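The values are calculated or read from the model by the stated rules, or taken from the named source; none is laboratory data. Please read all numbers here as calculations on a predicted model, not as lab measurements. Cβ: placed from backbone, ideal geometry, glycine included. Neighbour counts: every protein chain shown. Note: areas computed on protein heavy atoms with side chains; ligands, DNA, RNA excluded. Shrake-Rupley method; radii C 1.70, N 1.55, O 1.52, S 1.80 Å.
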Amino acid sequence: MQTPIRGLRSFCFAARTLSFKEAANLLYLTPSAVSHQIKQLEEQLGIELFERQTRSINLTAAGKNFYDSVSPLIKALEKTITEFSQLQENVTISITLPEFFASELLMPKLSEWTTEHPKTNLQLNTMKTRKELAIHSDLSIVLSSSKPIEGVVHELFSLQYSPACNKENWQQWHENPLEALQQVPLILHKARPWAWHQWAEHAGLDDFSPKQIIQVDSMFGVARAAQQGMGIALIPLPISQTWFDEGWLFNFTEEPLVTKDKYYLVQHEPSETNASLELFIKWLLDTFKHLK
């Protein structure tokens, strides 16, 4: 029996959406073309796959059984075709992520991926706030106090915030940290305007009255301000560990602020037919699993 693959694909899309019009949109065809292909398929099979009503369609019992059998085969075929085509040409993976995550964690490791996968192009879109997530991409890395509800979500690691300053401020104040908190400007990210007060409550400080609060709209700016001696900053760990290892910043106290903040990797598009995307996701999870 000569059953065109396009007819099977049209049937699978229509079965998933229960709409010839929606299936046509997804396949870049006209609804009449989809309907015609499915009608031909039904004639070849000798069964009705859909119950057609005035403004809706539903799978028949035979149609549902046929879909359950055919759909995995079509997906496997599409995946195989995609994998072979990707061997012949470069593919592009796009990822949106916070700029601080990109500079402190991803960029230092990214050459490992690019060396092993020279035919995979990467498009990195950095952002300062989650409001910029409107940019469409295959993947996103987001910082959130709760698990995102859209897409396929992988937890990367949790954050805690540690008071930190440069060497000069540390040498001057580390023996009198409570006094320093009343005398030295305190720096934080503007997305967490009450973070210092939350830290003080966590540390058991009842009479917390900072001299000055400085809010910065980027985490790199927060860390840089502390490094330049502007004051004491709440620095996220483990993402900022390099700043401490290199001696740019020093832990001011041993009392971190523990929060519910976590980094998540969000996959927006299915990866069944994109072998490169699946490999990149696995590489990201393996690369940062030691930070959990």
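Data table
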read-out	value
Residue 116 vs. criteria open to solvent by 60 Å² or more (accessible area, probe 1.4 Å) and acidic (Asp, Glu)	yes
The range 61-82, residues that are over 17 Å from residue 13 (Cβ atoms) and modelled with pLDDT of 90 or more	61, 62, 65
Residues within the range 194-203 that are open to solvent by less than 60 Å² (accessible area, probe 1.4 Å) and out of contact with any strand residue (DSSP E or B) (no Cβ under 6 Å at 6 or more places or on another chain), tallied	2
First in the range 31-46 and under 14 Å from residue 60 (Cα atoms), second anywhere and of a type in the set (D, E, K, R) and not in a helix (DSSP H, G or I), Cβ under 6 Å, 6 or more apart	42/48
Conditions (1) surrounded by 14 or more Cβ atoms within 10 Å (Cβ to Cβ); (2) out of contact with any strand residue (DSSP E or B) (no Cβ under 8 Å at 6 or more places or on another chain); (3) not aromatic (Phe, Trp, Tyr): number failed by residue 206	(1)
So residue 212, is it open to solvent by 70 Å² or more (accessible area, probe 1.4 Å) and polar (S, T, N, Q)	yes
Of residues in the range 142-171 being open to solvent by 70 Å² or more (accessible area, probe 1.4 Å) and among the aliphatic types (A, V, I, L, M), the one modelled with the lowest pLDDT	149
The range 252-292: number of residues that are part of a strand (DSSP E or B) and either more than 28 Å from residue 203 (Cα to Cα) or open to solvent by less than 60 Å² (accessible area, probe 1.4 Å) (or both)	9
Enumeration of residues in the range 180-215 that are on the phi < 0 side of the Ramachandran plot, assigned to a loop (DSSP other than H, G, I, E, B) and not charged (D, E, K, R)	184, 185, 191, 193, 194, 205, 208, 209, 210, 212
Residue check for residue 160: under 19 Å from residue 244 (Cα atoms) and not in a loop (DSSP other than H, G, I, E, B)	yes
Breaking point among (1) touching a helix residue (DSSP H, G or I) at 6+ places or on another chain (Cβ under 7 Å); (2) open to solvent by 70 Å² or more (accessible area, probe 1.4 Å); (3) modelled with pLDDT under 95, for residue 184	(2)
Test: residue in the range 218-241 that is basic (Lys, Arg), over 17 Å from residue 258 (Cβ atoms) and part of a loop (DSSP other than H, G, I, E, B)	no
Lone unmet requirement of (1) surrounded by 14 or more Cβ atoms within 10 Å (Cβ to Cβ); (2) farther than 17 Å from residue 70 by Cα; (3) within 37 Å of the chain's Cα centre (by Cα) for residue 28	(1)
Where a residue in the range 50-76 is open to solvent by 80 Å² or more (accessible area, probe 1.4 Å) and its partner, wherever it lies, is in a strand (DSSP E or B), with Cβ under 6 Å and at least six apart	51/58
